[in-house]
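Peer 1: Pasting in a structure now, in C-alpha cells, and then I'll have a few things to ask.
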Amino acid sequence: MNASEIRWNDEARAKVLTDSDNVLRDAVVELNGSMQGKPSDEIYAALNERLKDRFIDYEPGPDVRKYADAIAAGDIEA
C-alpha cells in the first residue's frame, strides 16, 4: 500500500463532515441566543473562540464571517 492511499473510507469521511457541521451549527445557534444584535466582529471573535479548539489546524474562513453577520442581523432561525 502506498502512503498516498491512506485515507478515511467514504462512510467515515461522511461522519467527519457531519460531526463538523454539527459543531459549527451548535456554536452558531448558541451565539444566536446570546449575541443577536451585537456587532458582527464581536460575534465573529466569539465563534472563532468556540471553534478553534474543536478542529485540527483550524483556520477561520468565509463561513464563519457569514454566520457572524447573520447572527448580528437577526437572520438565524433557531
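The values are calculated or read from the model by the stated rules, or taken from the named source; none is laboratory data. The model shown is predicted, which means the values in this text are computed figures rather than measured ones. So basically every Cβ, Gly included, is an ideal-geometry build from the backbone, and we count neighbours across all protein chains shown. What goes into the accessible areas is simple: the full protein's heavy atoms, side chains included, and nothing from ligands, DNA or RNA. Shrake-Rupley method; radii C 1.70, N 1.55, O 1.52, S 1.80 Å.
Peer 1: Identify all residues within the stretch 48-67 that are surrounded by 12 or more Cβ atoms within 10 Å (Cβ to Cβ) and aliphatic (A, V, I, L, M); write none if there are none.
Peer 2: Those that are surrounded by 12 or more Cβ atoms within 10 Å (Cβ to Cβ) and aliphatic (A, V, I, L, M): 51, 64.
Peer 1: Another question, if that's okay. Collect the residues in the stretch 43-61 that are aromatic (Phe, Trp, Tyr) and either touching a residue at least 40 places away in the same chain (Cβ under 8 Å) or part of a loop (DSSP other than H, G, I, E, B) (or both), keeping them in residue-number order. First the steps, then the outcome.
Peer 2: Pass one, the stretch 43-61, residues aromatic (Phe, Trp, Tyr): 44, 55, 58.
Of everything in the stretch 43-61, those that are aromatic (Phe, Trp, Tyr) and either touching a residue at least 40 places away in the same chain (Cβ under 8 Å) or part of a loop (DSSP other than H, G, I, E, B) (or both) turn out to be 55, 58.
Peer 1: Residues 45, 70: which one is farther than 30 Å from residue 8 by Cα, open to solvent by 30 Å² or more (accessible area, probe 1.4 Å) and within 14 Å of the chain's Cα centre (by Cα)? Show your work before the answer.
Peer 2: Values: 70 fails: open to solvent by 30 Å² or more (accessible area, probe 1.4 Å).
Step by step, each of 45, 70 is checked, and only 45 is farther than 30 Å from residue 8 by Cα, open to solvent by 30 Å² or more (accessible area, probe 1.4 Å) and within 14 Å of the chain's Cα centre (by Cα).
Peer 1: A further question follows. List the pairs whose first member sits in the stretch 62-78 and is part of a helix (DSSP H, G or I), whose second member is at pLDDT below 95 and open to solvent by less than 60 Å² (accessible area, probe 1.4 Å), and whose Cβ atoms are under 6 Å apart, counting only residues at least 6 apart or on separate chains?
Peer 2: Partner pairs satisfying both residue conditions: 70/76.
Peer 1: So, in the stretch 27-42, of the ones that are touching a residue at least 40 places away in the same chain (Cβ under 8 Å) and of a type outside the set (A, V, I, L, M), which residue ends up surrounded by the fewest Cβ atoms within 10 Å (Cβ to Cβ)? Show your work before the answer.
Peer 2: Just the residues of the stretch 27-42 that are touching a residue at least 40 places away in the same chain (Cβ under 8 Å), to begin with: 28-29, 31-33, 36.
Filter once more, keeping what is of a type outside the set (A, V, I, L, M): 32-33, 36.
Working: 32: 19, 33: 11, 36: 16.
Here the residue is 33.
Peer 1: Is there a residue in the stretch 1-20 that is touching a helix residue (DSSP H, G or I) at 6+ places or on another chain (Cβ under 7 Å), touching a residue at least 24 places away in the same chain (Cβ under 8 Å) and either in a loop (DSSP other than H, G, I, E, B) or open to solvent by 60 Å² or more (accessible area, probe 1.4 Å) (or both)?
Peer 2: No, that holds for no residue.
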